[in-house]
Every structure is written in structure tokens, then in C-alpha cells.
1. Restricting the search to the stretch 417-438, which residues are at pLDDT 95 or above and hydrophobic (A, V, I, L, M, F, W, C)?
2. Test each condition in (1) closer than 30 Å to E124 by Cβ; (2) open to solvent by 40 Å² or more (accessible area, probe 1.4 Å); (3) of a type outside the set (F, W, Y); (4) touching a Leu at 6+ places or on another chain (Cβ under 7 Å) for I52 and report the one that comes out false.
3. Filter the stretch 140-163 for residues that are of a type in the set (K, R) and either more than 7 Å from the ligand (Cβ to nearest atom) or assigned to a loop (DSSP other than H, G, I, E, B) (or both); which is surrounded by the most Cβ atoms within 10 Å (Cβ to Cβ)?
4. Within the stretch 437-451, how many residues turn out to be in contact with a Gly (Cβ under 9 Å, 6 or more places away or on another chain) and in a loop (DSSP other than H, G, I, E, B)?
5. What number of residues within the stretch 101-139 satisfy the criterion of being in a helix (DSSP H, G or I), near the ligand (Cβ under 9 Å from one of its atoms) and either more than 14 Å from the chain's Cα centre (by Cα) or under 26 Å from T319 (Cα atoms) (or both)?
6. Scanning the stretch 79-114 for residues that are touching a Cys at 6+ places or on another chain (Cβ under 7 Å) and open to solvent by less than 10 Å² (accessible area, probe 1.4 Å), which turns out farthest from D449 (Cα to Cα)?
7. I'm trying to understand the selection: among the residues of the stretch 359-374, which are crowded, with 20+ Cβ neighbours inside 10 Å and either among the charged types (D, E, K, R) or touching a residue at least 40 places away in the same chain (Cβ under 8 Å) (or both)?
8. Which pairs turn up if I take residues in the stretch 376-404 that are under 23 Å from A332 (Cβ atoms) and free of Cβ contacts under 8 Å to residues at least 24 places away in the same chain and look for partners that are of a type in the set (V, I, T) and open to solvent by less than 20 Å² (accessible area, probe 1.4 Å) with beta carbon separation below 8 Å, at least 6 apart in sequence or on another chain?
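The values are calculated or read from the model by the stated rules, or taken from the named source; none is laboratory data. For clarity, every value in this text was computed on a predicted model and none was experimentally measured. A quick note on method: Cβ atoms are made from the backbone with ideal geometry, for glycine too, and the neighbour counts reach across all protein chains shown. When the accessible area is computed, the model is the full protein with side chains, heavy atoms only, and any ligands, DNA or RNA have been set aside. Shrake-Rupley method; radii C 1.70, N 1.55, O 1.52, S 1.80 Å.
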Amino acid sequence: MVKVFDADRKLARVLWKGRVKRARAFRLSLLFPGLGQVYQGRLSAGVAFSVIGLFPLYYLYLVGKGLNYGTVTLLAAQGLLYGLQALDAKRGASRETSPCEDRCPASVAVPAFLSFAQEGKIHESYAAFCVKSPFPYILGRLCPAPCESVCGVLPGRPLKIKELHRRVGERLLSEVEVVKRSPFFPPAGRKVAVIGGGLAGITAAYYLASIGVEVEIFEKEEQLGGLLNYIPDFKLDFELARKELKLFTSFENIKVHLGVEVRSLPENFDAYVVAVGAQVEKSFNPAGYTGFFLTPLKFLREPPKLKGKRVAVVGAGDTAFDVARLARRLGAEVDVLYRGRRESVKAQEAEVRAAISEGVNLYTGCEFKGAEGKRLIFSCGSSDYDYLVPAVGFEVDRELIGGLSSENSFITGDAATGMTTFIEAVSRARQTAVAVAQKLGLGLRCWFDEDFYREKPKGAKSCGFICSEASLCEHCGQSVRS
Ligand code: SF4
């Protein structure tokens, strides 16, 4: 039997019901103090708000002295309390979140997806991740995993959170078939154009389409993925990655236009999500250099034959190390030259270590000074190189953004902030989807703006690494209360 992924639909409906309930509780609390909390099942909070809220009125009735400073102050305090209890009902019961969720740029519900993983419920675990971010597999490969630095399971031994959602993603993607599916909510009668088919654009499209919005994605390249397409294949299984991109664009109300460059806003849309990234390579002047000069994206897209060649990579971000590691694999001798100090290298530490262990040389405190023929001169020395690849960063195309701006445009992802990590861009895109939905009057449907927590089960099922590693989350030293 064909297996399809639809666990996010069930979870979305549950979260949406909670959202509707909170909205109803808010309205009840406006009718009578504390009623909203009672409706939510928080009896003691409801009774406390009712008593404290009504007492001043009763007091005024008893004293019966009309308006004076004392009674005005009392009424003002009561008004404040009335507002606070209404806000409390709107927010619902709160909880103390875990350090890993707090540190994840997208606030992924780590304890929730781990609790499902611990029970071997792969589909539910994958869906729990999707509440705050799509792409458990891709991010499980490419995220710098700041969450692990604060994991409190054991000192010096964080849980392998990133590897866990990668493996959950691998399991799910290898067993499901991606088929067209209907949105989670009835058609909303609204249409949104998403300009840019990278991870940020797909994130916004996924969440908006899930709530019944008609979405059209415009991508200038011949395939979706944006910068993902420049990741070397030793870092990502592209077959699975493509399947994951397909999964998140599989709603029947998403239309994808490939090979279409949009420089001005298309007509007949209610809103525009501009997720064109930051892919303009910063300029670098190699005057006097007579070897091959390649920009990093050109290099990563079509790497030349490099056996026995010498390659200089200038810069120390993730892209610089992607270039260096790929060049090394192609048989080159590779030097990464960076003008800053070792501590300020921007690439993920694991990447730097992997590159060095593969034979890449890293030189810090080396500022580029110029070139004479094939000789490149740096502040720390000079040498001959066959290829020069300056990976000195990316910029936003301001002219393009200007042409796509309007009162209904939402600039998001790296286009809004400049180059960041994939998870940061995805997180911003989800927040943009919330803002767009609110603007279109669909805020109540935003299941992806809800908090999600699930009690940790006791004991682990036997499903190998996923279940046993996830079960360690039970022993988190940090309290996570619902
Ligand atoms: S996306 Fe990154 S930061 Fe968030 S939970 Fe996964 S590894 Fe951690």
C-alpha cells in the first residue's frame, strides 16, 4: 500500500481547535471576568479573577459614596485587572519552554518531536517538527544546531537533536510517496504570489497553502531550492532533499512557475511574499591576476577539473569551506585565506574541522593585497595559484527589492536581512506567513503560530538510534512545564 504523509494535517487541526478555543475564551472573559479561564478548564484562575474583579464593585456598593479620588483609583485598578484577565484568557495556559526550543532560531518544538520519536512514531515526529519549520531532513543536514549547545541532558554530552530530525526525515522520506494533497482548511478565496523558490519561499508557500490560500511560486531558476542547489552533494542527499521540497509544495493549491524571473509585481494577487534571497556576490578586485578567477556560485555550480592544481579561497564563511572541500575532493591543493583571526571564522566549526581533516589549509590574518601574474600577495605571504575563488559574502539586490515593494508586499528570508543560515531564513518566512494570513483576515487558521508541547513518554520503544537517543530527553536537567 502506498504510504503518504498527512500527519501534519491532523496536528494542524488539533492546534487550530486550541486556537479557536482561546479566541472563544477571550470573548467570554470580556463578558465576565474569569469566565474565559473557567471555559479553558483553569478553574482556580477563573474563580480568582472573578472574585478579585468583582470585589471592588461590591465594596463601592457597600460604601456608596459616589465618585471621589479613592473610588476612581479603585475603578481604574479594576479596569486594569479586567484587561489583564482578558489577555490571560487569550494567551491560555503558558509553560516554561526548554532551552533547546529557545535557542533554535525557529523555536522548533524539540521536546514534542522527540517524544514522538521516542515512541517510534515517525510521521507524528516529522509533523511535530513542521509546526515551526518545514524541512526536518534538509535542516538535519545543514543547520548549525545552536540548540545542542544548550541541551541539558548531560554535561558535555548534548542530545544529537540535529541528527535525530535528519534520521526521522530520512525514514519518512524513504517510505512515503509524494502525492497531490488538499489543504487543511476550505478554500479561503485569497491569492498570494511567492517570489523566490528557495527554502524561505517554500516555507511561506507551505504554511499559506495549508490554510486554504491559493499560492503561486515564481522561481527564476529551472528548479526549486535557491541556494540549496549550490550545496556540494557530499553534504546532502539530493534525491531526498528534492523529495522533501516536493512534499512541502504538494498542496493542490500551490502552482509553481519555474524559469520565470519576476522584476515587478504580477497582477491579481492579494499579497506578495518576496523571498528572493541575498545572492549578489560581493565584488572582489583581482587586478593583475592571470590565473582562473571564479565566483563561488559559479565554482559550486560547475566545478572545473582541478587535479594537481592549486586553489586559493579567500574568505571564511560556510560558502568558502564548501568551495574548499569540493576543490579538495577534486584533487586540488587548497588554501583558505582569511584576513580575520581564527576565532572570528564564520563557518560552522564542524565544517572547518572537517575541511582541515580532509587536507585543506587554513591561514588566518591574511589580507589580500594584490596579484602579479599567478602570484597572489597576502599580508601573511605570497604564493602561486591556478585558481582564485573569493567567497567574501553576498548582498541583497536592492534594486530588485525596490521593484517588488508595495503595501501588500512582505519581504522575508535573506532578502530582508542579508545572508543568514537556512534555519533563520525559514523562521522569518514562517513569521511572514503569519503576518500575511492576519492581513488577509485568516489569523485564526494559523496553526503554525501555536505552541506545541507533549508530555514525554516513559521508556522507549525499540527502534534503534532514533528511539533510544530521543528517550534521553526524559532526563533533561532543565524543567519543561506545561
Ligand atoms: S533546526 Fe537547528 S537549531 Fe532548530 S532544532 Fe534543528 S538542529 Fe536545532
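1. Scanning the stretch 417-438 gives F422, I423, A425, V426, A429, A433, V434, A435, V436, A437.
2. (1)
3. Filtering the stretch 140-163 for residues of a type in the set (K, R) gives 141, 157, 160, 162.
Subset that is either more than 7 Å from the ligand (Cβ to nearest atom) or assigned to a loop (DSSP other than H, G, I, E, B) (or both): 141, 157, 160.
Details: R141: 21, R157: 9, K160: 18.
Among those residues, the one meeting the criterion is R141.
4. Residues meeting the conditions: 3.
5. First, the residues of the stretch 101-139 that are in a helix (DSSP H, G or I): 101-103, 110-118, 122-130, 136-139.
Of the ones still in play, those that are also near the ligand (Cβ under 9 Å from one of its atoms) are 101, 103, 110, 113, 129, 136, 139.
Okay, now just the ones that are also either more than 14 Å from the chain's Cα centre (by Cα) or under 26 Å from T319 (Cα atoms) (or both), so 103, 113, 136, 139.
Adding up the residues that qualify gives 4.
6. Per the stated criteria, the residue is L114.
7. Of the residues in the stretch 359-374, the ones crowded, with 20+ Cβ neighbours inside 10 Å are 360, 362, 366, 368, 371.
Within the stretch 359-374, L362, F368, A371 meet the criteria.
8. Sorted first by the residue in the stretch 376-404, then by its partner, the list stays empty.
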